[in-house]
1. So W143 passes all but one of these: (1) assigned by TED's automatic domain parsing to the domain that holds L369; (2) within 25 Å of L352 (Cβ to Cβ). Which condition number does it fail?
2. From the list P176, P160, P202, pick out the single residue that is under 27 Å from W146 (Cβ atoms) and assigned to a loop (DSSP other than H, G, I, E, B).
3. Can you tell me how many residues in the range 324-354 are in a loop (DSSP other than H, G, I, E, B) and either of a type in the set (S, T, N, Q) or on the phi < 0 side of the Ramachandran plot (or both)?
4. Taking into account only those residues within the range 290-304 that are surrounded by 23 or more Cβ atoms within 10 Å (Cβ to Cβ) and not small (G, A, S), which is nearest to D113 (Cα to Cα)?
5. Go through the residues of the range 377-385 one by one and say whether even a single one is at pLDDT below 95, outside any helix (DSSP H, G or I) and of a type in the set (D, E).
6. Got a sec? Which strands (runs of 3 or more DSSP E) wholly within the range 42-155 have at least 1 residues that are within 17 Å of the chain's Cα centre (by Cα)?
7. For the range 80-127, give me each residue that is β-branched (V, I, T) and more than 15 Å from A155 (Cβ to Cβ).
8. As an exercise: evaluate E215 against (1) part of a helix (DSSP H, G or I); (2) surrounded by 23 or more Cβ atoms within 10 Å (Cβ to Cβ); (3) touching a strand residue (DSSP E or B) at 6+ places or on another chain (Cβ under 8 Å) and give the number of the one condition it does not meet.
Amino acid sequence: MRNAHLYRPGGVTLRAICRLLVLLLLAVAWGNSSAASGQASGERTAAETLHLPAAEPAEASSSLIVHAALDMPQARPLLKAFHRRYPQIEVRYRNMTTLGLYERFLEDPGGADVVISSAMPWQFSLANDGYAQSPEAGLLAHWPDWAHWRRELVAFTFEPIVMVYHPKLMELADPPANHAQLLALLHKQKSALQGRVATYDPAKSGAGYGYAVEESRLSPRYWELVAGLGSVNAELNTTTAQTLRGLAEGRYWLGYNLLGSYARAFVDEHSELELVIPDDYALVVQRLAFMAKQAPHPEAARLFMGFLVSKEGQQVIATETTLGAIHPEVRGSGSAAKLRTEMGAAVRPVELNPQLLAALDRLKRRALLTRWRREFHRESEAEAAE
């Protein structure tokens, strides 16, 4: 692999803003995955659910309900490891889109024990509105301060935003290792790259919008890059999966701003593709988990939250998934420590603080999207005016 205190806005209520905006939020994940065949006896799976029954007699068992926006290939190893550690706990898992997850939780705040999503502003808004609780006083004593908020909202993965390219791009030019090189490539190979580049549509994708917000803060040349993408008529998609499929089929030669955890798993199965972590700056998103204030099984929820941040659970994340482990004692491939060692100051995790709520402000969202569209169509509009 290549490397490159509570805050409540005035005016319209935050919940009203969230309910309006969430209608535009599509899945950050790239679709619900089908369950693997050949499951062990007693385990029932479907495209969106996983059930691991308790091994103890009914009177000695308990239950855990997890609702998440996390695909089965990534969730299953973690859930099964937790179940091996606590076989007396029945596990019921439901994978949803970020839209479905958020809406379902607001409709039934007591319907799940733990809620997991990488849609960071929406998770933060739920915690900020009092829907989360701290599972245990000492649970996060070892956890980095940047990876939790008020000990209620916990980041447990470390997922860089990446580029993926097809071999056809190498026939055209050296693949870009960073954003500056990408911008230069878009200018120099404008004709050859027409329709061959794909990225997120920030107006239709919650992930794409979130990345646009963060990147516009990070880079003074971000808007030049948006214009460059527009100059090659980049395809605007709503999921990482769409872009990855297009790359595998050869329709796209370069995919920009893809969720690294899913891209890495896909590239592992499609060896002709190459994954690049930009070496100038690399956004990193985190899956955020919280224990619901109305959790129906609080003891099991506490155990699961503890497992997520334990060395044992984080080792599973590092070795059996592509999500990236945060635990300070987990090293090697699949760990945040390894990525920081390789990339240094280029690693830029999205900060877990009230600033995330700004992304849910309607006026700010409208302003950013208006500028995004203007910059993306800058060149075509200039040509039409000539």
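1. (1)
2. On the way: P176 fails: under 27 Å from W146 (Cβ atoms); P160 fails: assigned to a loop (DSSP other than H, G, I, E, B).
Criteria check complete, one pass: P202.
3. So the first thing to find is which residues in the range 324-354 are in a loop (DSSP other than H, G, I, E, B), and the list is 324, 326-334, 350-353.
Narrowing the set further to residues that are either of a type in the set (S, T, N, Q) or on the phi < 0 side of the Ramachandran plot (or both) leaves 326-331, 333, 350-353.
Final tally of qualifying residues: 11.
4. M291
5. Looking for residues that are at pLDDT below 95, outside any helix (DSSP H, G or I) and of a type in the set (D, E), one finds none in the range 377-385, hence no.
6. Details: elements: 49-52, 62-68, 89-95, 114-117, 153-155.
Result: 62-68, 89-95, 114-117, 153-155.
7. Going through the range 80-127, the residues β-branched (V, I, T) turn out to be 89, 91, 97-98, 114-116.
Across the range 80-127, the qualifying residues are I89, V91, T97, T98.
8. (2)
The values are calculated or read from the model by the stated rules, or taken from the named source; none is laboratory data. Nothing here was measured: the structure is a model prediction, and the numbers come from that model. Positions of Cβ are generated from backbone atoms using ideal geometry, with glycine treated the same way; all protein chains shown enter the neighbour counts.
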